[in-house]
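To keep things clear, I will list the structure first and then write my remarks on it.
The values are calculated or read from the model by the stated rules, or taken from the named source; none is laboratory data. Keep in mind the model is a prediction, meaning the values are calculated, not measured. Because the Cβ atoms are built from the backbone with ideal geometry, glycine has one as well, and the counts that use them run over all protein chains shown. These accessible areas exclude ligands, DNA and RNA; they are computed on the full protein's heavy atoms, side chains included. Shrake-Rupley method; radii C 1.70, N 1.55, O 1.52, S 1.80 Å.
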Number of protein chains: 2
Amino acid sequence: MWAAGAARRAGLGLGLGLGLGLGLGLGLAAALALAAWRRQRRPVREVLFFPSRPSCTEAVLVEAAAEPGAAARPCPCPLPQGDCPLSRLLRRLLSARRSLEICLFAFSCPQLSRAVQLLHRRGVCVRIVTDAQYMGIRGSQIGLLRHAGIQVRHDQEDGYMHHKFAIVDRRMLITGSLNWTTQAIQNNRENVLVMEDAEYVKLFLDEFERIWEEYNPISYKFFSKDSK
Amino acid sequence: MWAAGAARRAGLGLGLGLGLGLGLGLGLAAALALAAWRRQRRPVREVLFFPSRPSCTEAVLVEAAAEPGAAARPCPCPLPQGDCPLSRLLRRLLSARRSLEICLFAFSCPQLSRAVQLLHRRGVCVRIVTDAQYMGIRGSQIGLLRHAGIQVRHDQEDGYMHHKFAIVDRRMLITGSLNWTTQAIQNNRENVLVMEDAEYVKLFLDEFERIWEEYNPISYKFFSKDSK
């Protein structure tokens, strides 16, 4: 019995060891393969030109929000679905896994706001810098984003904080002429460059950090009407 | 006499031939060296961040306008001189030798307008696309540029022609958030990417040509007040 028990335990131990070793080995191999794929694949270099016709981006957002493997129900709205500049921009943003810096003059597009909130809920560290005078315009998403717990900082300057860029995972730069408003997306001639380019990412990230620190709320000045 | 004359003529011919050959050879060598230098030098990759402090750009413009070798007189104005984002943008534009496409929402900066007029006078083919609603704002340079003989086309759409890019010699793309206005240059947080990147240049040039054709004046619609 002892011998049989010891042999069973030894067999179990061997099996567990082998299984663990195999599992670790496979995990390591997968991680190495992913790293190699990331190194070898061509960096993203894309330009999105707007206007983007009105279209349904529900599938992109539901797919990103759903648990892996969950089937998305088709949206019953009458708008056309499929690929368009807005859906491509959404997908690029939704690829974030760790961090998202946003530096934006005006932000009122509900779909882009949903994507940012979704990333925040997913644990992505989202930081937003925006323009003080435009964050209060009708339809602005800044209040909602703050309410969702996302950090937002704004200027206190006479000039505009007129940048329109975002940085995904300190890896991908999204920049151009486009403010994230439905008016601009559906009606204006606009461009957005998407670049996985370490040199440009670094320059824009440095600019973001500079502004983030300059707009630190501890430096905000508050004036009463009498003191003006 | 004949022999001496013939020998002199032969010597002269030989000298001329040698001189011509040497000159052609040197010219060819210089052209080849220039082509090799262009191939080998690192393509321009730059980001200009604004605001740009008020500064004197007279030296850049006078240097570009002057005959080669002519000494520029120092400007007596009290503004600081030297390198700044605006002077760098000016220098990039002034490097144009053949063509300049400009696609711009708002254009009211006098220095940039002078640079564009200077290029036009130098024989560079300049084409401008702009926004109909913003080309009439106070200080707009569009009227002056048209008056100087530069081709300008504009939209007739409800949306804005909101691009802010230029292409130098079908070689260098200049694009970002910056409208070419003094307000934006001196007061706003803005970015301008400068890239010698054939892939991006082609995409933006295609966009320019698309818009240029769409905004062809033969397609403009004119409504009388009664017909509205």
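Annotations
- Residue match in the stretch A:191-204 (condition: more than 13 Å from every other protein chain (Cβ to nearest Cβ), modelled with pLDDT of 95 or more and under 16 Å from the mean Cα position of the chain (by Cα)): yes
- Per-region count, the stretch B:87-111, residues over 12 Å from the mean Cα position of the chain (by Cα), farther than 20 Å from B:Leu203 by Cα and open to solvent by less than 10 Å² (accessible area, probe 1.4 Å): 4
- Boolean, B:Arg42 is under 29 Å from B:Leu193 (Cα atoms), in contact with a strand residue (DSSP E or B) (Cβ under 9 Å, 6 or more places away or on another chain) and at pLDDT 85 or above: no
- The set of residues in the stretch A:154-187 being among the hydroxyl-bearing types (Ser, Thr, Tyr) and away from chain B (no Cβ under 12 Å) is empty.
- Just one residue in the set B:Gly23, B:Gly82 is surrounded by fewer than 19 Cβ atoms within 10 Å (Cβ to Cβ) and at pLDDT below 85; that residue is B:Gly23.
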